[in-house]
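Each value in this text was obtained by applying a stated rule to the coordinates, not by laboratory testing. For clarity, every value in this text was computed on a predicted model and none was experimentally measured. No Cβ is skipped: glycine too gets one built from the backbone with ideal geometry, and neighbour counts run over all protein chains shown.
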Amino acid sequence: MTAKLIDSRQRKNDVLSIVIEQYTRSVAPVGSSFIAQVLPYDVSSATIRNILSELEEDGYLTHPHTSAGRLPTQKGYRFYVDFLMQEIKMLEEEKNKIRQKYQEETKELDRLLERTSQVISDITHYTSIISVDDGGSKIICNGRSFIVEYPDYYQDFSCIKKILYALDEKQRLLEVINRDLARKIQFFIGSETACNDISNCSLAITEYKTHHGPRGRIALLGPTCMNYKKVTSALDYFSKLMEDLF
């Protein structure tokens, strides 16, 4: 494989990463001029436009008819999560604040799980779902109110209603988050959630365990334009914290 081909592939990956990360921040189509500003190397505007067109032809990006900018598709998010996302860690300041909130609530598992659900939802601004595998069907859910802020379906009340309905179906929700995981932290994007009512969302799931025996799942439900990096670092941190505290 020639260096030219390798460079071309790297440029496409870099452009796709920029579009996805900027879109998760702004929820607005990303144009070639912005990409040119943040790329760490010089590329002509014509080259960037060609790359965007190729990414769109490949199914990773799309664009609204009223804008020259691009936005990610489900396929684009999937490729980003699987191959392009760089690992980030929570800041020590964030970790210290979290531990302070836990200090008085680590003696009982139920209270610990409720606190975890609240805190992880507050940090990410997504809906948190926690299951407990102790022979029952216990499930804790917080952050439903954040659903109305999800930009993918802002003021789409029928879509919001479907999501809220899914969150009330406890047994179905347990089936969704307790499926087999191929990775420590696994993302199900759009239709991959295998649940029609949340097929416009992304769902991130990880497993936790405790020293005292009980284990379960921690999940975050958000829009497909969720901040995948932040969700990854939060789930990684909280799954470890559960084992440390109980």
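Some observations on this one:
- Nearest-ten-degree value, helix 92-102 long axis tilted from longest Cα axis of the chain: 30
- Residue among 180, 110, 82 with the largest mean-square fluctuation in a Gaussian network model of the chain, springs linking Cα atoms under 10 Å: 180
- Linear extension gain, residue 243 paired with residue 215, 0.36 nm per residue minus alpha-carbon span: 9.2 nm
- Computed from phi, the 3J(HN,Hα) profile of segment 8-25 under the Karplus parametrisation 6.51, -1.76, 1.60 (θ = phi - 60°) reads 4, 5, 5, 4, 5, 5, 5, 5, 4, 4, 4, 4, 5, 5, 6, 5, 5, 7 Hz, with x in place of Gly and Pro.
- Its Kirkwood hydrodynamic radius, worked out from the mean inverse distance over all distinct Cα pairs, puts segment 92-245 at 15.6 Å.
- HN-Hα J in Hz across segment 36-49 - Karplus 6.51, -1.76, 1.60, θ = phi - 60°, x for Gly and Pro: 4, 6, 9, 4, x, 8, 7, 9, 5, 4, 5, 5, 5, 4
- By the count of neighbouring beta-carbon atoms within 10 Å, fewest first, 225, 201 end up ordered 225, 201.
- The amide H of residue 185, built 1.01 Å from its N in the peptide plane, has no neighbour under 5 Å, considering only residues 5 or more places off or on other chains.
- Put in line by how crowded their Cβ is, counting other Cβ atoms within 10 Å and starting with the fewest, 38, 132 read 38, 132.
- Sequence-distant residues sharing a close amide H with residue 202 (under 5 Å, placed H): 190, 222, 224
- Cα centre as origin, Lys/Arg/Asp/Glu Cβ charges: segment 155-231 dipole, Debye: 360
- Percentage relative contact order, the chain, counting C-alpha pairs under 8 Å, at least six apart: 18
- Computed over segment 1-87: relative contact order in percent, which uses C-alpha pairs under 8 Å that are six or more apart: 32
- Distance between modelled label sites at residue 192 and residue 87, nm, 7 Å Cα→Cβ extension: 1.9
- Counted by neighbouring Cβ atoms within 10 Å, the residues 47, 193 run from fewest to most as 47, 193.
- Relative contact order (%) - criterion: Cα under 8 Å, at least six apart; region: segment 124-246: 27
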